[in-house]
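See below for the structure under consideration.
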Amino acid sequence: MRTIVEPFRIKMTEPIRMISREDRQAALEAAHYNVFLLDAADCHIDLLTDSGTGAMSQQQWAALLLGDESYAGSASFKRFESVVKDITGMNYVLPTHQGRAAEGILAATRVSKGDIIPNNTHFDTTRANLQFVGGKPLDFPSGCAQDLTSNEPFKGNMDLQALKNCITEYGADKIPFCMITITNNAGGGQPVSMANIKAVKALLDEVDIPLVLDACRFSENSFFIKKREPGYEDKSLLAIAQETFSYADVVLMSCKKDGLANIGGFIACNNATWEVDFRNSLIMREGFPTYGGLAGRDLEAIAIGLKEVLDDDYQTYRHGVISYIAKHFEEIGVPIVQPVGGHAVFIDAKASLPHIPALAYPGISLVNALYVEGGIRAVEMGSVMFGQWDAAGHETPASLELVRLAIPRRVYTQSHFDYLIEVMEKVWQKRDALTGYQLDYQPQYLRHFSGQFQPIGE
Ligand code: F0G
């Protein structure tokens, strides 16, 4: 069958509206040309993120009523803990209010000034948390990750040779842990193969460096392994996830993605000493270890979401939707990261707008054009998010200038995606007239969230 059929029907609706082009233009100007500063009500289709924006199932909504809001030892925690233990195989599980809280705990307890932390590619909050405590996050994506047109099946893989060189250069003592992010969000949502995870773990074992998995999108990664890695085609997504986690010493997760929940995260590990450090840090920042900054009902929703996300029909539909958008973008001629990733379509803004230099932020230009044209909110993942800059005003562009259209889970229907394709086509026809942007204000960290822009030459 050609048609992608959502494996659910809709029981409750949420209105969305389209404001006029003039109003969109005015809203964008008032938001300093930064779509993060727009009101959500002014966004017709919101593809800013797939994080915490999903729709819960009837089972999740029903489970909210079972939430045990006891401060300590709640039944909801027990249910949450048991599901996380089953999937990850970890002995210790600590809930956090979202992924970056887990990152903050890991950084505060295990990273000293000058430490090196390798990853396939650090997500921006991970990088910021590590830098905040004086760590030096380094990215070692596989060579093919930079070639956006290469159809390699596992472009999220870590470059083993680069990791080896890093260990030789800095010494294992300077590396408190190594990370792998599945899927590699900052690198285009690309998956990491089981073979790569295994090989990284084997290399780290030789020098006693623990492996930390950033597992926000573990089920999407498992789906890619099932579809693309020989030997896994007949395994269940759960079995693939379990094997993936068997190579990890610590798992960090934002449950706002593959937890199918609107809030939540966790940090899980096998090492009793690390667990004590994590727990003490958690109590200071997040709350008692059996709720960790969440309500009991949130733990219930996550416990169910973590199981639903491993359903084959759900992952087949999700991947089908994203491939559908990608196929139509390709027909229009829009250069996208190949092969399409697990949670989003990534557009190559550099190739789309070659007349806009990297430090005039072609990604911001494309994002803003999509908003003005059709009320679509996307996000820049280029020099604004990942570039390096210092107080003296020196700025180094990121290696890639991408625009991400992240697809919220179980939220939009096929006609929303057809509309998106139409808007993209219109923007594409006008691309030569789009202009670059300059930053008028930027905070020290995570400037994409609150930076203020001005169009150049207007
Ligand atoms: N790691 C990865 C790979 C992520 O994509 C994110 C969040 C986090 C960690 C942090 O989790 O938001 O729960 O604190 N990514 C969102 C996104 C924000 O839009 O991709 P969080």
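Go through segment 232-251 and give me each residue that's more than 25 Å from Glu103 (Cβ to Cβ) and open to solvent by 50 Å² or more (accessible area, probe 1.4 Å).
Across segment 232-251, the qualifying residues are Glu233, Asp234, Lys235, Ser236, Leu238.
Residue check: is Lys136 farther than 18 Å from Tyr247 by Cα and free of Cβ contacts under 8 Å to residues at least 24 places away in the same chain?
Considered against the rule, which asks whether it is farther than 18 Å from Tyr247 by Cα and free of Cβ contacts under 8 Å to residues at least 24 places away in the same chain, Lys136 comes out as yes.
Kindly list the number of the only condition in (1) of a type outside the set (A, V, I, L, M, F, W, C); (2) open to solvent by 40 Å² or more (accessible area, probe 1.4 Å); (3) away from the ligand (no atom under 16 Å from the Cβ); (4) within 30 Å of His319 (Cα to Cα) that fails for Gln60.
For Gln60, the failing item is (2).
When the residues of segment 252-276 are narrowed to those that are buried (at least 24 other Cβ atoms within 10 Å of the Cβ) and not in a strand (DSSP E or B), which ends up nearest to the ligand (Cβ to nearest atom)?
For segment 252-276, the residue satisfying everything is Lys256.
For (1) farther than 18 Å from Phe266 by Cβ; (2) in contact (Cβ under 8 Å) with a residue 40 or more places away in the chain, each residue gets a yes or a no:
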position: Asp42; (1), (2): yes, yes
position: Gly54; (1), (2): no, yes
position: Ser74; (1), (2): no, yes
position: Val93; (1), (2): no, yes
position: His122; (1), (2): yes, yes
position: Thr125; (1), (2): no, yes
position: Cys144; (1), (2): yes, no
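Where residues in segment 139-154 are within 16 Å of the ligand (Cβ to nearest atom) and out of contact with any Leu (no Cβ under 9 Å at 6 or more places or on another chain), which of them is farthest from Ala102 (Cα to Cα)?
Pro141
Just to be sure I understand, how many residues within segment 140-158 are of a type in the set (D, E, K, R) and touching a strand residue (DSSP E or B) at 6+ places or on another chain (Cβ under 6 Å)?
Number satisfying all stated conditions: 1.
Looking only at segment 124-177, filter to residues that are under 23 Å from Ser254 (Cα atoms) and acidic (Asp, Glu); which one of those is most open to solvent (accessible area, probe 1.4 Å)?
So, considering only residues that are under 23 Å from Ser254 (Cα atoms) and acidic (Asp, Glu), the one most open to solvent (accessible area, probe 1.4 Å) is Asp139.
Can you name the residue in segment 171-200 that is in contact with a Gly (Cβ under 7 Å, 6 or more places away or on another chain) and among the small types (Gly, Ala, Ser) and, of all such residues, is nearest to Ala107 (Cα to Cα)?
Among those that are in contact with a Gly (Cβ under 7 Å, 6 or more places away or on another chain) and among the small types (Gly, Ala, Ser), it is Gly187.
Return the total of residues in segment 159-182 being within 16 Å of the ligand (Cβ to nearest atom) and touching a strand residue (DSSP E or B) at 6+ places or on another chain (Cβ under 6 Å).
Summing the residues that are within 16 Å of the ligand (Cβ to nearest atom) and touching a strand residue (DSSP E or B) at 6+ places or on another chain (Cβ under 6 Å) in segment 159-182 gives 5.
Can you tell me how many residues in segment 183-203 are in contact (Cβ under 8 Å) with a residue 12 or more places away in the chain and more than 16 Å from the ligand (Cβ to nearest atom)?
Residues meeting the conditions: 9.
The values are calculated or read from the model by the stated rules, or taken from the named source; none is laboratory data. On a predicted model such as this, the values are computed, not experimentally measured, just so you know. Here Cβ is always computed from backbone atoms with ideal geometry, including for glycine, and neighbour counts include all displayed protein chains. SASA here: full protein model, heavy atoms, side chains in, ligands and nucleic acids out. Shrake-Rupley method; radii C 1.70, N 1.55, O 1.52, S 1.80 Å.
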